[in-house]
């Protein structure tokens, strides 16, 4: 994985440096804070590892420079990894980088979260995107789908934002804290169960695409 990390970093600091896809350009820091940080919950939290074992699809929303999108695609070559981001240029660049490093299971899509209907069983990830409550309220999840949502947050999350137990048809299932070198991380896992009523709040943005259409 270290060799993969160095190869990946060469694209961020070389051909695509002008897009500022990552602020971490020192190899060891990049490996710890982008690669290992992205993978740790899936490799070291038994509950999440078990869920991921059976999942066929992972959706990374607001992936920015490609994290945890690209590291997850690397360790889960048998799964489809879809990235959704509101910034078209970055989505296009990350798609190209994924192809350059040999990942054929990645598809990056330019859209806003509230414009996407999640109509497939899947895991959805958010890393440094926004408040948990706001993002869960924006999610359009089909009642026929079982969707697990993973939030990568900091250790002081409860001091900075509201962490709901239940919202918009989802329920908080697990929260864990851990550290990687000097980087502290909190993980919050929510679940949208099948046939659970969603909120009645009207979405001002019409659905542009369904996940089944991207896949």
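On full extension, the segment bounded by residue 56 and residue 78 gains 7.2 nm, given 0.36 nm per residue less the C-alpha separation. GNM, the chain, Cα, under 10 Å: largest mean-square fluctuation among 159, 114, 15? Top of the fluctuation ranking is 159. For the chain, the longest principal axis of the Cα atoms and the long axis of helix 88-100 meet at an angle of about 60 degrees. Relative protection proxy for 68-74, 166-172, 30-36, from highest mean packing down: 68-74, 30-36, 166-172 (other beta-carbon atoms within 10 angstrom). Read through the labelled values (1) 0.97; (2) 1.21; (3) 1.06 and report the label of the one computed as Cα Rg over 2.2 N^0.38 Å from the structure. The listed entry that was calculated here is (1). May I ask you to derive the FRET efficiency for residue 13 and residue 107 from their Cβ-Cβ distance with R0 = 25 Å, giving the value to the nearest 0.05? Efficiency for this residue pair is about 0.50. For segment 25-73, a/c is not less than 1.5, where a ≥ b ≥ c are the root eigenvalues of the C-alpha gyration tensor, and a/b does not top b/c. That puts it in the oblate class. The length gained on full extension between residue 86 and residue 115, counted as 0.36 nm times the residue separation minus their Cα-Cα distance, comes to 9.4 nm. Here the gap between residue 178 and residue 44, fully extended at 0.36 nm per residue and compared with their Cα-Cα distance, gives a gain of 47.2 nm. Springs join every pair of Cα atoms under 10 Å in this Gaussian network model of the chain, and among 106, 163, 147 the largest mean-square fluctuation is at 163. Taking the longest Cα principal axis of the chain as reference, the axis of helix 2-13 is set at about 90 degrees.
When both bridge partners sit in the chain, DSSP labels roughly 45% of those beta bridges antiparallel. If you run the Gaussian network model on the chain, springs between alpha carbon atoms under 10 Å, then out of 29, 154, 83 the most flexible one is 29. Note on segment 126-173 and segment 64-87: Cα centroid distance 19 Å, given to the nearest whole angstrom.
Read-outs: derived from the displayed coordinates by stated rules, not from any lab. Keep in mind it's a predicted model, so treat the numbers as computed, not measured. All Cβ positions, even for glycine, are placed from backbone atoms using ideal geometry, and neighbour counts span all protein chains on display.
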